[in-house]
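A short write-up of the structure that comes next.
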Amino acid sequence: MLENCRDESTKTKVILYCVYNHCIHNCENGKELLLVTDVIEKASNGDYFTQVIFNRAIVQVGMLAFRNGNMYEAQAALNELCSQSRTKELLGQSTGRQ
C-alpha cells in the first residue's frame, strides 16, 4: 500500500491511521506498528495536523491497554497528554484562541 506513495508526510499519516484503526478494533499489532516504524520521529517533526493524528493514535494505544487490563501501559501512554493543561489543543479539539 505504501510502496507507491512518495510523499513522506502521507506515509506517516497512513501509518498513524492504521495504528488508530488497529487499536480501536482491539488488535495489539497497532502498538507494534507504531514502534517498528520511524513514525514517532516523523510525527514530532510534522505539521500540526500530523501531530494531532499522532496524539490521537497514542490515546487509542493507551485505551487499548486499559481495555486489556494493562494499567501500567495505559498510564504510560496517556500520562504525557493528560498531564498538560492543553489536552484539547493536542487532540485538535480546540484552536487555542480566546
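The values are calculated or read from the model by the stated rules, or taken from the named source; none is laboratory data. A quick note: this is a predicted structure, and the numbers were derived from the prediction, not measured. FYI the Cβ positions are ideal-geometry reconstructions off the backbone, even for glycines, and counts take in every protein chain you see.
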Long-range neighbours under 6 Å by Cβ, at least six apart or interchain, first residue over 16 Å from Q51 (Cβ atoms) within the stretch 9-26, second part of a helix (DSSP H, G or I) and at pLDDT 90 or above: C23/Q60; C23/V61; C23/L64; I24/Q60
Give the residue that is surrounded by the most Cβ atoms within 10 Å (Cβ to Cβ), with candidates limited to residues of the stretch 61-82 that are more than 18 Å from N29 (Cβ to Cβ) and within 13 Å of the chain's Cα centre (by Cα). L78
With the requirement that a residue be touching a His at 6+ places or on another chain (Cβ under 7 Å) and among the polar types (S, T, N, Q), what does the stretch 1-60 give you? N29
Quickly run through the stretch 1-37 and pick out the residues that are outside any helix (DSSP H, G or I) and at pLDDT 85 or above. H25, N26, C27, T37
